[in-house]
1. Could you grab the pairs with beta carbons closer than 9 Å, sequence gap of 6+ or different chains, first residue in segment 43-64 and free of Cβ contacts under 8 Å to residues at least 12 places away in the same chain and farther than 17 Å from ARG33 by Cβ, second one of a type in the set (Val, Ile, Thr) and surrounded by fewer than 16 Cβ atoms within 10 Å (Cβ to Cβ)?
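The values are calculated or read from the model by the stated rules, or taken from the named source; none is laboratory data. Just so we're clear, the structure is a prediction, and the values are computed from it rather than from any experiment. All Cβ positions, even for glycine, are placed from backbone atoms using ideal geometry, and neighbour counts span all protein chains on display.
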Amino acid sequence: MYRVVKMDGKFAGVVTDEGFVVSQGIVLGQFTRDGLIRKYGQVIGSVSANGEVLSGEDVIGMVSADGVLTSHGKRIGLIDRAAGLGAGGAALLLLLEQLLA
């Protein structure tokens, strides 16, 4: 089963059951059940229990209980709750977007 991630109201990618985040046919990384975010096997960030998206020790975003993604106080996306997506996949897209910006 695939879960949809939306950014700015548009389709941004999918998350597989194994936690791989795929956007435009490219595997961006993987969110693991222990809250770590990996790219090419290396830990590049994490999601805390209270929804903070972390890059190292820096908080670069938040995932709210209602699925809204914010970065620097600005709403940047929404988790499609109907698709059953957990915070991890969306947070991974957020983290990668921030790191690549």
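1. Pairs that qualify, where the first residue is free of Cβ contacts under 8 Å to residues at least 12 places away in the same chain and farther than 17 Å from ARG33 by Cβ and the partner is of a type in the set (Val, Ile, Thr) and surrounded by fewer than 16 Cβ atoms within 10 Å (Cβ to Cβ), are GLU52/VAL59; MET62/VAL68.
A quick yes/no check of all residues on (1) modelled with pLDDT of 85 or more; (2) surrounded by fewer than 17 Cβ atoms within 10 Å (Cβ to Cβ); (3) of a type in the set (Phe, Trp, Tyr):
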| position | (1), (2), (3) |
| --- | --- |
| LYS39 | no, no, no |
| ASP58 | yes, yes, no |
| VAL63 | no, no, no |
| GLY77 | no, no, no |
| ALA82 | no, yes, no |
| LEU93 | no, no, no |
